[in-house]
Amino acid sequence: MGWDRISKSGSARRRPRMPSYEAARRQFSWAEARAALDGLPEGRGLNIAHEAVDRHAKGPAGGRAALRWLGKDGTRRELSYAALAGLSDRFANLLRDLGIGKGDTVFSLLGRVPALYVAVLGALKNRSVFCPLFSAFGPEPIQSRMAIGAAKVLVTTPQLYARKVRALRADLPQLEQVLLVGGAEPEPGCQSFERRLEVASEDFVIPPTDPEDAALLHFTSGTTGRPKGALHVHEAAVVHAASARFALDLGPEDVYWCTADPGWVTGTSYGIVAPLVVGATLVVDEAEFEPERWYRILQDEKVRVWYTAPTAIRMLMKLGPDLPRRFDLSALRLAASVGEPLNPEAVVWGLKVLGQPFHDTWWQTETGGIMLANFAATDIKPGSMGRPLPGIEAAILRHREDGGVEVIGEAGREGELALKAGWPSMFRGYLNEEARYRKCFADGWYLSGDLARRDSDGYFWFLGRADDMIKSAGHLIGPFEVESALMEHPAVAEAGVIGKPDPVAMETVKAFVALKPGFRPDDALRREILGLARERLGPAVAPREIDFLDDLPKTRSGKIMRRLLKARELGLTEGDTSTLESSS
Ligand code: 6R9
């Protein structure tokens, strides 16, 4: 028998927080979900950091571990909710002392270290807007994002500063303060994070915060133009709390591990905010993926709820079942995945080898929180992204000639996955790009850019993207940003970048390059261009491979036809390109 459905009836070891999906959908209202949050004292509004730490810190949960940090070198450090509240109060005061206030943007360029978590929460208390950057980014993505976000403060380390930021400083006139974590004697133009934190007061009263006040900024890439800064507000915490309970079945008694880096939206929404809002204990691993280390963390930390990504799951699967069988994973009671399509085999592998099937979930930087899920109490359909969260209306749309859209009622038909606009964690804009924001909506629907279908049970199935965006190891990469970096090499006349299918990472970044006259397309030049791209973009974004072409296929208006490059790469004839999605 195939595994069309993994039945949940009677299999749960504990009653899930949402025992009946149908009842929850019927009874749910955003107003009630909002009312279930604490709110700032004396009706002063809603602030994510209050919900995430202060509210627990002041009650009986104050002594409970909020963050359990596992350092690369084996260090293990725990911060209670009370300690995290105190440190984030200090960081809020530190910012205020520096003259940084409401709406000012604070960026971080840090690995997964405790200072990052303190900075996010402290900045939110101060009503500043926080933008965590991925520490493996090269100078190019760092520069563009800090410029668009008008970064006033950067929290980073002396090493990352020296390697990636120092040379950009002159191009970032808005950047007033750089705080260095773990540096004994900071360099000119920078201050010591620890020293400033030490002298800051531990008493901070969160000022009135409107739920619509900007809170978090996450960059996402486009197929054209500069990266887009998706802006989220404090109200998003309503979705974080509800989805943590509904989709991750997460609560205060749980040890929880989200393997995503806060430089990407999952690592912030579900690697910081959601678990703290529900009062769980968050495991943070500083180290990179390493199979044995991961199984040991699941075992030793007694992780009960685990949120990870398909690329990591596929890498674990490749190593086979013997390694996990050496570990006691019996604490695990829910495993979930996000970011890319999760193969049905991976869902079943989880059940057989880890004792828990993977629950696929779907969402985007723009949605701020989980929108579709295979829920703890409902049957899993391996290969499906699941059904909409209570409070969320999802549909498959067809685009009409007149620019409008209509819902495809019939099950099984392909179209664009869309969500009825207006849920609390919906992004409120792309920074300074009103037109690009408006293009994401039609007739009251938010258009996801993903192609999908819905089956007769209401489960959604991913088919592909409607655009040229690349998903590599769960990271969304815009081809334009990569092409722009390649064009900086003096030999490059034109560049086109695609996602090349890969059995583990789903896609890897592949570039096609046409050279200027007088340059020889040889291996030395290829290595040089790859090296430059890696240095500028960082290893997570740079192409793995370059093919030289005499010229690149273009539309009559001169736009490089990435889908044709992709069709050729896949061995399809050019006539088959109608089966590939259009990039326009
Ligand atoms: C959270 C996050 C969003 C894009 C999205 C889609 C892809 C996410 C998926 C999935 C298939 C899933 N995606 N979850 N594809 N199955 N369960 O990943 O945000 O980086 O903005 O990417 O990722 O293409 O549109 P983001």
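Descriptive notes on the structure:
- Modelled FRET efficiency - R0 45 Å, Glu194 with Glu528, Cβ distances, 0.05 increments: 0.65
- ³J(HN,Hα) computed for each position of region 471-481 - Karplus, 6.51 cos²θ - 1.76 cosθ + 1.60, integer Hz, glycine/proline x: 10, 10, 6, x, 9, 7, 10, x, x, 5, 5
- Packing rank of 76-83, 136-143, where each peptide gets the mean count of other beta carbons within 10 Å, highest leading: 136-143, 76-83
- Alpha-carbon centroid distance for the pair region 213-251 / region 4-62, whole angstrom: 17 Å
- Close amide H partners of Asp450, meaning residues 5 or more places away or on another chain with modelled amide H under 5 Å apart, are Leu417, Ala466.
- Distance between the pseudo-spin-label points of Leu570 and Glu410 (7 Å out from Cα toward the beta carbon): 2.4 nm.
- Asp285 contributes about 10 Å² of solvent-accessible surface, heavy atoms of the protein only, 1.4 Å probe.
- Distance from region 147-163 to region 435-499 (C-alpha centre basis), Å: 27 Å
- Accessible area expressed per residue, region 94-133, with surrounding protein chains retained (probe 1.4 Å, Å²): 18 Å²
- Over the chain, Cα pairs under 8 Å with separation of 6+ residues give a relative contact order of 14 percent.
- Modelled FRET efficiency - R0 30 Å, Asp443 with Asp171, Cβ distances, 0.05 increments: 0.15
- Amide hydrogen proximity for Thr157: with H placed 1.01 Å from N in the peptide plane, the residues at 5 or more positions away or on another chain lying under 5 Å are Val181.
- Estimated 222 nm signal from helices in the chain, with DSSP H stretches of n ≥ 4 weighted -39500 (n - 2.57), rounded to 500: -6500 deg cm²/dmol
- Heavy-atom accessible surface of region 53-148: percent carbon and sulfur, 1.4 Å: 49 percent
- Stretch gain in nm, segment Asn432-Ala162, where the contour uses 0.36 nm per residue and the Cα spacing is subtracted: 94.2 nm
- A dipole drawn for the chain from +1 and -1 charges on Cβ atoms has a positive end, and of Gly43, Trp3, Phe427 the residue lying farthest that way is Trp3.
- Annotation: amide H-H contacts under 5 Å for Gly279 (H modelled 1.01 Å from N, sequence separation of 5 or more, or interchain): none.
- Signed unit charges on C-beta, dipole axis of region 21-454, positive-most listed residue Leu250, Leu217, Val277: Leu250
- Label sites at Trp3 and Phe289, each approximated as a point 7 angstrom past Cα along Cα to Cβ, lie 1.9 nm apart.
- Surface share of carbon and sulfur [accessible, 1.4 angstrom probe, percent] for region 229-269: 60 percent
- Here each label is just a point 7 Å from Cα along the line to Cβ, and for Gln356 and Glu187 those points are 4.4 nm apart.
- Once the 1.4 Å probe is applied to the protein heavy atoms, region 387-506 comes out at 40 Å² accessible per residue.
- From the alpha carbon centroid of region 512-526 to that of region 291-363 is 43 Å.
- 18 Å reach of a label modelled at Asp457, 7 Å along Cα-to-Cβ, counting backbone N of region 371-414: 372-390, 411-413
- 3J(HN,Hα) couplings calculated from phi for region 144-155 with the Karplus curve 6.51 cos²θ - 1.76 cosθ + 1.60 (θ = phi - 60°) are, in sequence order, 5, 5, 5, 5, 4, x, 6, 4, 9, 10, 10, 10 Hz; Gly and Pro show x.
- Percent carbon-and-sulfur accessible area, region 471-570, ignoring ligands, DNA and RNA, probe 1.4 Å: 51 percent
- In the assembled protein chains, Phe327 presents an accessible area of approximately 20 Å² (probe radius 1.4 Å).
- Of the listed residues Asp550, Asp4, Asp104, the order by accessible area with a 1.4 Å probe, largest first, is Asp550, Asp4, Asp104.
- Phe512, Phe548, reordered so the largest accessible area comes first (probe 1.4 Å): Phe548, Phe512
- With θ taken as phi - 60° and the Karplus curve 6.51 cos²θ - 1.76 cosθ + 1.60 applied, the whole-hertz 3J(HN,Hα) list for region 230-238 is 7, 9, 10, 10, 4, 4, 4, 4, 4 Hz, x standing for glycine and proline.
The values are calculated or read from the model by the stated rules, or taken from the named source; none is laboratory data. The model shown is predicted, which means the values in this text are computed figures rather than measured ones. For neighbour counting, all protein chains shown are included, and Cβ atoms are generated from backbone atoms with ideal geometry for every residue, glycine included. For the accessible areas, the whole protein counts, side chains as well, though only heavy atoms, and no ligand, DNA or RNA atoms are used. Shrake-Rupley method; radii C 1.70, N 1.55, O 1.52, S 1.80 Å.
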